[in-house]
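Reviewing the structure listed below.
The values are calculated or read from the model by the stated rules, or taken from the named source; none is laboratory data. Please read all numbers here as calculations on a predicted model, not as lab measurements. Cβ coordinates were reconstructed from backbone atoms using ideal geometry, including for glycine residues, and neighbour counts include every protein chain displayed.
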Amino acid sequence: MDQPDYASDDARWDAVQRREPAADGRFYYSVRSTGVYCRPSCASRGARRANVAFHASCAEAEAAGFRPCLRCKPDQPPLAQRQAAAVAQACRLIEAAADVADKLPDLDTLARACGMSRFHFHRVFKAHTGITPKAYAAARRAERVRQALAQGAPVTDAFYAAGWQSSAPFYAAAGQQLGMAPGRYRKGGEGETIAYALGACSLGTVLVASTATGICAILIGDDEAALVEDVRGRFPNAALAPASPDFAHTLARVIAFVDAPRAVFDLPLDVRGTVFQQRVWDALRRIPPGETISYTELAARVGQPSAVRAVAGACAANPAAIAIPCHRVLRNDGAISGYRWGVERKRALLDRELEKS
């Protein structure tokens, strides 16, 4: 869609009255009676048209003798970008403490580092990452535990190295964070049973696999054997077995969701990945059906606007097609590409969502 044209003063004044975010960065306006200049979207009290002048840049407004508004801060990056940078800083503080098994910073410490009140910081952090700072810290610790267990470390060493102070809270959270008992995770899923079922759908063959906790994989393809091997590679020592007849209802619901991707996916999930992947996957689940965003926009939503390639990698590592809708992410130019289960399937899913939107 073409950007609005703000070439005339009348169009600019209309944008100021409407407080249009799309006009931000396209021009600035100054108010003679207050001596300040603002973004078009500034929420400050409306000015009289006779007192307003328009400027192409901050430098031009300041050269005319105006100072930046303290409310909309036109001389600084947009609010969303500033908040994303603050969230990224908080994530780095949490990760740095977790990586050395140090005491994790509390909410007040994180908020002060970001220049916000604790309550505002908590809201901003959750809005950008989809989880609370406490949940993010827990996910980072869980990632360290998974890495240590995968390398063969004893369970006790793994949870102490990740910053847990005692075994009781660790074991209480282990089932949710690892998807299985820590000892079984350390042995590559040994002793764990992963049930799976295959079925035909309109996009080919779908495989749905589940642990006792929830669905751990939804894969789509043409080769049944390849789909089974894909699941086996995630937990090579787990017992992978065909699901019982009772699982047919779950399989049928997933197949129905393929045909109607605008429906709400409410089956329990047990998807495992790094803390960064989990943030990306959570952000994906917040994209409404029928809408698309770019990889750049997705990177901004998870608080790391410069990590576009890493975001694309997390989308490619998505283990649950449809349930985690990575098909709603497009290239920056709007082109459809980069789908683990094939570009044509991605296009078909988007078309189905748009047909019923």
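Where the second residue is among the hydroxyl-bearing types (Ser, Thr, Tyr) and part of a helix (DSSP H, G or I) and the first is without any contact (Cβ under 8 Å) to a residue 40 or more places away in the chain and lies in region 304-327, which pairs have Cβ atoms under 9 Å and are six or more apart or on separate chains? Hits for this filter: VAL308/TYR295; VAL308/THR296; ARG309/TYR295; VAL311/TYR295; VAL311/THR296; ALA312/TYR295; CYS315/TYR295.
Quick grid of which residues meet (1) farther than 23 Å from ALA135 by Cα; (2) at pLDDT 85 or above; (3) hydrophobic (A, V, I, L, M, F, W, C):
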position: LEU251; (1), (2), (3): yes, yes, yes
position: PHE257; (1), (2), (3): yes, yes, yes
position: ALA260; (1), (2), (3): yes, no, yes
position: LEU269; (1), (2), (3): no, yes, yes
position: GLN278; (1), (2), (3): no, no, no
position: ILE287; (1), (2), (3): no, yes, yes
position: GLU291; (1), (2), (3): yes, yes, no
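Okay, residues lined up against (1) out of contact with any strand residue (DSSP E or B) (no Cβ under 9 Å at 6 or more places or on another chain); (2) exposed (fewer than 15 other Cβ atoms within 10 Å of the Cβ):
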residue	(1), (2)
GLU60	no, no
ALA64	no, yes
CYS69	no, no
CYS72	no, no
GLN83	yes, no
ALA97	yes, no
PRO105	yes, no
CYS114	yes, no
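Within the option set ARG19, ARG49, being modelled with pLDDT under 95 and under 27 Å from HIS128 (Cα atoms) holds for one residue only, ARG19.
So which of PHE276, PHE265, PHE257, PHE247 ends up being touching a residue at least 12 places away in the same chain (Cβ under 8 Å) and part of a loop (DSSP other than H, G, I, E, B)?
Criteria check complete, one pass: PHE265.
Looking at region 318-337, can you tell me whether even one residue there is in a helix (DSSP H, G or I), crowded, with 19+ Cβ neighbours inside 10 Å and under 12 Å from the mean Cα position of the chain (by Cα)? Yes - at least one qualifying residue is present in region 318-337. Selection of region 208-227 for residues being more than 16 Å from VAL254 (Cβ to Cβ) and either free of Cβ contacts under 8 Å to residues at least 40 places away in the same chain or of a type in the set (A, V, I, L, M) (or both) yields ALA212, ASP222, ASP223, ALA225, ALA226. Would you be able to say whether some residue in region 267-286 is touching a helix residue (DSSP H, G or I) at 6+ places or on another chain (Cβ under 7 Å), under 20 Å from LEU349 (Cβ atoms) and surrounded by fewer than 18 Cβ atoms within 10 Å (Cβ to Cβ)? Within region 267-286, one or more residues are touching a helix residue (DSSP H, G or I) at 6+ places or on another chain (Cβ under 7 Å), under 20 Å from LEU349 (Cβ atoms) and surrounded by fewer than 18 Cβ atoms within 10 Å (Cβ to Cβ). Here ARG12 meets each of (1) modelled with pLDDT under 90; (2) part of a helix (DSSP H, G or I); (3) closer than 30 Å to ASN332 by Cβ with one exception, condition (1).
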